[in-house]
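Shown next, in structure tokens, is the structure this report addresses.
Every number in this text was worked out from the coordinates using simple rules, so none of it is lab data. Predicted model, so just to flag it, every value in this text is computed and none were measured. Using ideal geometry, Cβ is built from the backbone for each residue, glycine included, and neighbour counts are taken over all protein chains shown.
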Amino acid sequence: MADGFAAVFVMSLKAESMANTSSAKKATRKITARTEVNRGRRGRIRTYIRKVEEAIAAGDPAKATEALKAAEPEIMRAASKGVMHKNTASRKVARLNARVRALNA
């Protein structure tokens, strides 16, 4: 667990689980684990996007292009894993790409 909120959240799930059957208890554990993984992926996506935007703000086309090449697969991977909708991922990539192309022009 990366931060204090996550630890408290997981503890509260364990302490106050409404599950009665063993399958429902297992589902709660799985949801908690997937939430942690997805939170990490979402944070990683934000980091990649921020690097692209910082390069654009700095006016460095080479660095922006390189950052976009690194960000695009990570964003699309998040879409394939269900962290974000595929149209949202495509829209983010397209808008970043347009901004990088405008910087290169």
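If I ask for residues that are among the charged types (D, E, K, R) and surrounded by fewer than 15 Cβ atoms within 10 Å (Cβ to Cβ), which ones from segment 67-98 would you list? Explain how you work it out, then say what you get.
Filtering segment 67-98 for residues among the charged types (D, E, K, R) gives 69, 72, 74, 77, 81, 86, 91-92, 95.
The answer is K69, R77, K81, K86, R91, R95.
I want to confirm something. Restricting to segment 35-84 and keeping residues that are more than 19 Å from N97 (Cβ to Cβ), β-branched (V, I, T) and assigned to a helix (DSSP H, G or I), which single residue is nearest to the chain's Cα centre (by Cα)?
V37
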